[in-house]
Each structure stands twice: as structure tokens, then as C-alpha cells.
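Beneath this line is the structure, given in C-alpha cells, with notes to follow.
The values are calculated or read from the model by the stated rules, or taken from the named source; none is laboratory data. In this text, all values refer to a predicted model and were calculated from it rather than measured experimentally. Methodologically, a virtual Cβ is constructed for each residue, glycine included, from the backbone with ideal geometry; neighbour enumeration extends over all protein chains shown. When the accessible area is computed, the model is the full protein with side chains, heavy atoms only, and any ligands, DNA or RNA have been set aside. Shrake-Rupley method; radii C 1.70, N 1.55, O 1.52, S 1.80 Å.
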Amino acid sequence: MHKVVIVGRPNVGKSSLFNRLLRKRSAVVADTPGVTRDLKEGIVETETGRFLLVDTGGLWSGDRWEEKIQKKVDQALEDAELVLFAVDGRSDLTPQDLEVAEYLRKKGKPVLLVATKVDDPKHEHYLGHLYALGFGEPVPTSSEHNRGFDDLVEAIWARLPVRAEESEPEVEGIRLALVGRPNAGKSSLLNAILGEERVIVSEEPGTTRDAIDVRIDLGGQRFILVDTAGIRKRPETLVEDLAIRRSLRSIEEADVVLLVVDPFQVGDRELKLANHALEKGKPVLLVITKWDLVPKEEAQAVRKELGLKLAHLAHLPRIYTSAVSRRNLERIFPEAQRLYELNHTRIGTGELNRHLALWTQRVQMPNFKGKPLKILYATQPEVAPPTFVFFVNHPEFVTRAFENYLKNRIGEELGLKEVPFRLVFRARRED
């Protein structure tokens, strides 16, 4: 697939450009410089074809992230076929713009100059100074007003090398969202899995500010790992608030949620995150990190304490891992795939009703004023999460105790206790 990389100094609108080309709010956008620090990828679908688009952190940021951001941009440009050099079309060129231009000349990659924030057509007459960068005529765009993007896409395809069309559509893969509190070890875990520093890691909580997608192929199965910003109880800045909202959206977009748990910091936040995922119908795999820091003689006691703190999540599978020693990292993907397949389980109507007949024989059915609840039949119309619809004579007769009884039976006897599933009761006449 073609690879196109967006490059520029901080706060010129790279992430807004990225979102517009993808036609969705994927990257966190704010007026604060330096929001994006890691590489963020997305696939752009156009009438001509598709290409991989990469958003990068602002070069020559002048802060302590500058060196690490440049290494990430270097990495992104290694196999790039085109660079979108983003500059602010409403401001004068800065020394940083000139530095980025010189940097790109040394890289020797094809460059398309993109003027951002050109909200009004009359502003296009004032872009002459951008020719000084040495990359020809700029393409004027406005992410806020969605201007110029048809011309930009056309210009991108005009500069990409011609290649044969891909014979098979690309498989999206199983989407895994890494979520947890700040500094739980999500980014370290991702880097350890990949064997490289794909995302910037720091002891400072809140280093990751956006959801970062990474595609991995293992044994013919594609996975998309999404590293997210740590979710704290009260965000301290607007950027952090936006990042947390993006993390919560990543849960809703995931196929499986990997809840990363620091064994030394466990509390209500982990329970709330797990419950949020389960309410959205997402299976949850508990990934206990930093296990290398737990002394062997204390491991059993720590496991017991974790069990008590996460008692409400006792039915969820868990893996004890370490990014440092690489302990159990190879178990994460098979376990995630198992949960994905379990969440897509479909029970045939005949089999379901055979089980239902046995379940109703073992329990006293609820009744109201001498009239008993009758379940006429059941079916499963949906998966992810598995949804079971029970047609009954009077839905209002269904008690919480009886509903819990059915949930326990489905979980235990149909093997679905590790994934969320839903019960729906609908009225139907006794014909």
C-alpha cells in the first residue's frame, strides 16, 4: 500500500489535515502546540484507491520531546512514497518552517506543499511567500471549512508512483485497545511486543496523548493494537480531556479491550473501565503489567490481593506480563483472538431451546397473582455481543433473580461467562 506522511512544525494543523483526509476525528486536535508526539496511522479511501496516511509530531518543537519526535519522523519517512509538508497559510514563514524544509530536502523524498488554514478563497492570493521553501506551488486547504481536499487528493495521486492494483481487499483485522490509568505500562507493553520504541515512553504520566494504531500480522491473523492515553479521574488540561474522550471512543471501536493493570495501583478506575467496556459489549482481557517488579516470594500474596480488589472481574481472563522480561507477551494475542471468537459465538435456535427446556424444569418459574411466566421460545439474532431474545407471555413477570439465573446458565453451560452477552424479553401471545 502507498504510504503518505504528514510533516511540519508544531501547530500548523497536521492533525486536522489528517482527520479531514480520513473523514473522521481520529487524531486529537487542540490549539496547544505539541499535542501529537507519536506516529498515528490511518487508511484513506478515495475513488482512485487507498493509501496509508501517517500523522507525525511537530518538528523543532523546542521542548524536551524534540529529539524523540524527530526519531519518530525519521522512522516514518524511511519507506514513505510522498511527504505532505504542512505550513500555516495564514502566517509568515518561521525559522522552524525553514528548518523542516531543509530537513526534507536532505531526506530526498517527493514533497507536496500543503498550505493549511486558508479559510477564504481570497487568502490564496497571499501564498506567494511559500514558494521560498523550494517545493513549488502549495495546495491551499482549510480543515475547518473542508476546502481544497478534492484538489489535495488529486495532487497526492498525481505524485504517487504508479503500481498495479491490489488484487485482494485488505483485511482490517481484530482491533485491540490498550486502556488503563496513566503510567500503567501501556506504551511500554506495546513497544515490547513490537521489539522497538514505536511510541514514546516516559515516567511522566500522560505522555501518550492520542490513540495510536499499530498493525501486526501473526500466523495469518491481522491485529490492530491501539495504544491510548491514560485515563485519570479528573483531566488537568483540555488536551488531556480530549485525549481521554478519544481513549473511551477507542474502547467502543475495539473488538477486544486489553485492560492494562499496574499491580501496585489498582482501584475503582480499573473496575469502571472494565464495566464501561462490558456495557459496550466488548470482551475484556486483564493484562497485569510490571510483574518483573514483584518478588517471587510475594507473587502469591500479590495475586490474592489483586483478586480481592478485582473481585467483580473474577470471571474475566487475566495474564501476568512484563515489558522488561517479556514474560507472557506471546500469550496476549491468542487469548485476545479466543475472546474475539467467543464474542462472535452463535447458538442455533434448536440447541438454545433444548437448553432452555432443561433450565426451566430446574427452577420455580416466576408468577404474578397465580399466573406463571411462560417462555415460548428463544433465539439469538446478534453476535458481538451475543444477544438472546426470549419470547414470553408477560415480560413484566421476569424478575431480576430469574434473569440472573438465565445469565448464569448461559454463562456456564453455553461457555460465555468470559464475554458480555445480553438478554431481551419480548411479549408474544400464546397461540
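Points to keep in mind about this one:
- Distance from the stretch 246-266 to the stretch 99-133 (C-alpha centre basis), Å: 39 Å
- Rounded to the nearest 5, the antiparallel percentage of DSSP beta bridges internal to the chain is 35%.
- Between residue 137 and residue 393, the simple label model (points 7 Å from Cα in the Cβ direction) yields a spacing of 7.9 nm.
- Per-peptide packing, taken as the mean over residues of other Cβ atoms within 10 Å, places 73-86, 309-322 in the sequence 73-86, 309-322 from highest down.
- Using the Cβ-Cβ distance between residue 268 and residue 245 with R0 set to 25 Å, the FRET efficiency from 1/(1 + (r/R0)^6) comes to roughly 0.80.
- Contour excess over end-to-end distance, with Cα ends at residue 1 and residue 311 and 0.36 nm allotted per residue: 107.0 nm
- Rounded percent of accessible protein surface that carbon and sulfur make up, the stretch 242-324, 1.4 Å probe: 51 percent
- Using a cut-off of 28 Å between Cα atoms, the listed pairs 40/304; 282/369; 3/186; 371/417; 14/282 include 40/304; 282/369; 371/417; 14/282 as exceeding that distance.
- Once the C-beta distance of residue 123 and residue 296 is scaled by a Förster radius of 51 Å, the resulting FRET efficiency is 0.20 to the nearest 0.05.
- Which of 60, 291 is most accessible, then next, and so on - probe 1.4 Å: 60, 291
- The modelled label-to-label distance for the pair residue 48/residue 428, using points 7 Å beyond Cα in the direction of Cβ, is 5.4 nm.
- Note on P(r) over Cα pairs in 10 Å bins from 0, in percent: of the candidates [x] 4, 19, 24, 21, 16, 10, 5, 2, 0; [y] 4, 20, 27, 24, 16, 7, 2, 0; [z] 5, 23, 33, 24, 11, 4, 0, the value calculated from this structure sits at [x].
- Backbone HN-Hα couplings from phi across the stretch 336-351 [Karplus 6.51/-1.76/1.60, Hz, Gly and Pro as x]: 5, 5, 4, 5, 4, 5, 5, 6, 9, 5, 10, 9, x, 4, x, 4
- Stokes-Einstein D for the stretch 295-423, Kirkwood Rh over Cα pairs, 20 °C, 1.002 mPa s (µm²/s): 123 µm²/s
- Packing-based ranking of 151-159, 102-110 yields 151-159, 102-110, ordered from highest to lowest mean Cβ neighbour count within 10 Å.
- Cβ-based charge dipole, the stretch 276-431, positive-most Cα from 377, 276, 339: 377
- Theoretical FRET efficiency, 1/(1+(r/R0)^6), r = Cβ-Cβ of residue 353 and residue 252, R0 25 Å, to 0.05: 0.15
- Short-range pairs are left out: with C-alpha atoms under 8 Å and at least six residues apart, the relative contact order of the chain is 11 percent.
- Percent RCO, i.e. relative contact order, over the stretch 66-142, from Cα pairs under 8 Å lying at least 6 residues apart: 33 percent
- Simple spin-label estimate for residue 215 and residue 107 gives 1.9 nm between the two label positions (7 Å along the Cα-to-Cβ direction from each Cα).
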